[in-house]
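What follows is a short report on a single structure.
The values are calculated or read from the model by the stated rules, or taken from the named source; none is laboratory data. Predicted model, so just to flag it, every value in this text is computed and none were measured. All Cβ positions, even for glycine, are placed from backbone atoms using ideal geometry, and neighbour counts span all protein chains on display. Keep in mind that these areas ignore ligands, DNA and RNA; they rest on the heavy atoms of the full protein, side chains included. Shrake-Rupley method; radii C 1.70, N 1.55, O 1.52, S 1.80 Å.
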Amino acid sequence: MVGPKDCLLVVDVQKDFTRGGSLEVPDADAVVPLINLLARRFVNVVITQDWHTPGHSSFASSHAGRKPFDTIELSYGTQVLWPDHCVQDTPGAALHERLDVPHAQLTLRKGFHPQIDSYSVFLEADRRTYTGLSGYLALRGIDRVFLAGLTTDFCVAWSALDARRFGFAAVVLEDACRAIDTNGSLASAWAAMKAAGVERARTFQVQAEPMNSAPPM
């Protein structure tokens with residue numbers, strides 16, 4: 001059962017990651033109706049967006065002679081280079097047009113620091129720059145997060161691992177996520193999540209407490 005101390009994190013369900021987007025994830029559109037149904041079972045919902053500056057350091061186009069999915073070393077370690085995607089205030093950065101979660105209480109944007117990528121919704125890739133989500137959830141009395149969205153092996157996995165780091169129980173809803181799976185990244189992500197105590201479930205297993213449950217004080 002999920003209740004007032006649980007929160008659904010809807011991770012980066014944006015047009016650039018779905019059909020026809022610049023960083024299209026296979027079958028990504030299929031998560032949208034699942035998330036729309038799933039969100040109705042949660043009192044607390046947070047939506048996140050990648051929100052990159054033009055010329056972001058994680059874009060292959062920002063590095064001469066590099067192509068998407070190459071890796072380079074930045075000040076904080078190894079960085080996968082991506083096609084330009086989710087550039088601030090462009091159509092590709094918008095949430096998927098069929099995402100319907102009107103009761104979401106917060107939309108959190110990440111990846112807007114030009115020199116730092118951000119997969120996790122809690123902590124950016126330098127592992128020092130906070131998004132503020134951990135504090136927000138703690139102050140709201142949340143103690144468990146459920147994650148759905150894009151992608152299983154990057155933003156969802158990093159977010160689940162950081163949820164555990166900050167003391168939250170974490171559950172990844174695998175059928176409401178899709179992966180890029182480059183160079184074995186999906187298997188590695190699941191192994192890391194299992195080792196960190198992240199649970200793995202499917203949407204049909206998520207049931208809501210009765211609607212008279214009060215939100216946390």
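One residue stands out in segment 138-152 among those that are surrounded by 24 or more Cβ atoms within 10 Å (Cβ to Cβ) and of a type outside the set (A, V, I, L, M, F, W, C): the one that is nearest to P33 (Cα to Cα), namely G149.
Confirm whether A189 is among the small types (G, A, S), surrounded by 18 or more Cβ atoms within 10 Å (Cβ to Cβ) and at pLDDT 95 or above. Break it down into steps so the answer makes sense when it comes.
On the way: among the small types (G, A, S): yes; surrounded by 18 or more Cβ atoms within 10 Å (Cβ to Cβ): yes; at pLDDT 95 or above: yes.
Yes; evaluated as a whole, the condition is true for this residue.
Restricting S61, S75 to residues that are farther than 23 Å from C177 by Cβ, out of contact with any Gly (no Cβ under 7 Å at 6 or more places or on another chain), open to solvent by 30 Å² or more (accessible area, probe 1.4 Å) and at pLDDT below 95 narrows the list to S75. Inspect segment 183-192 for any residue being of a type in the set (S, T, N, Q) and under 16 Å from the mean Cα position of the chain (by Cα) and give the result as yes or no. Yes. Based on what the data block shows, is T131 without any contact (Cβ under 8 Å) to a residue 24 or more places away in the chain, closer than 26 Å to T53 by Cβ and β-branched (V, I, T)? In short, yes. Going by what's in this entry, would D117 be described as open to solvent by 20 Å² or more (accessible area, probe 1.4 Å), assigned to a loop (DSSP other than H, G, I, E, B) and of a type outside the set (S, T, Y)? Considered against the rule, which asks whether it is open to solvent by 20 Å² or more (accessible area, probe 1.4 Å), assigned to a loop (DSSP other than H, G, I, E, B) and of a type outside the set (S, T, Y), D117 comes out as no.
Every residue, every condition in (1) at pLDDT 95 or above; (2) farther than 22 Å from D29 by Cα; (3) of a type outside the set (G, A, S), yes or no:
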{"residue": "Q105", "(1), (2), (3)": "yes, yes, yes"}
{"residue": "L123", "(1), (2), (3)": "yes, yes, yes"}
{"residue": "A138", "(1), (2), (3)": "yes, yes, no"}
{"residue": "G149", "(1), (2), (3)": "yes, no, no"}
{"residue": "A176", "(1), (2), (3)": "yes, no, no"}
{"residue": "M217", "(1), (2), (3)": "no, yes, yes"}
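Cβ-Cβ contacts under 7 Å between residues 6 or more apart (or on different chains), taken from a first residue in segment 190-207 that is touching a residue at least 60 places away in the same chain (Cβ under 8 Å) to a second residue that is among the aromatic types (F, W, Y) and open to solvent by less than 40 Å² (accessible area, probe 1.4 Å), are listed as V206/F146. Go through the residues of segment 2-15 one by one and say whether even a single one is farther than 23 Å from L139 by Cβ, basic (K, R) and without any contact (Cβ under 8 Å) to a residue 40 or more places away in the chain. No, segment 2-15 contains no residue that is farther than 23 Å from L139 by Cβ, basic (K, R) and without any contact (Cβ under 8 Å) to a residue 40 or more places away in the chain. Answer yes or no as to whether P33 is surrounded by fewer than 19 Cβ atoms within 10 Å (Cβ to Cβ), touching a Leu at 6+ places or on another chain (Cβ under 8 Å) and in contact (Cβ under 8 Å) with a residue 24 or more places away in the chain. It is false that P33 is surrounded by fewer than 19 Cβ atoms within 10 Å (Cβ to Cβ), touching a Leu at 6+ places or on another chain (Cβ under 8 Å) and in contact (Cβ under 8 Å) with a residue 24 or more places away in the chain.
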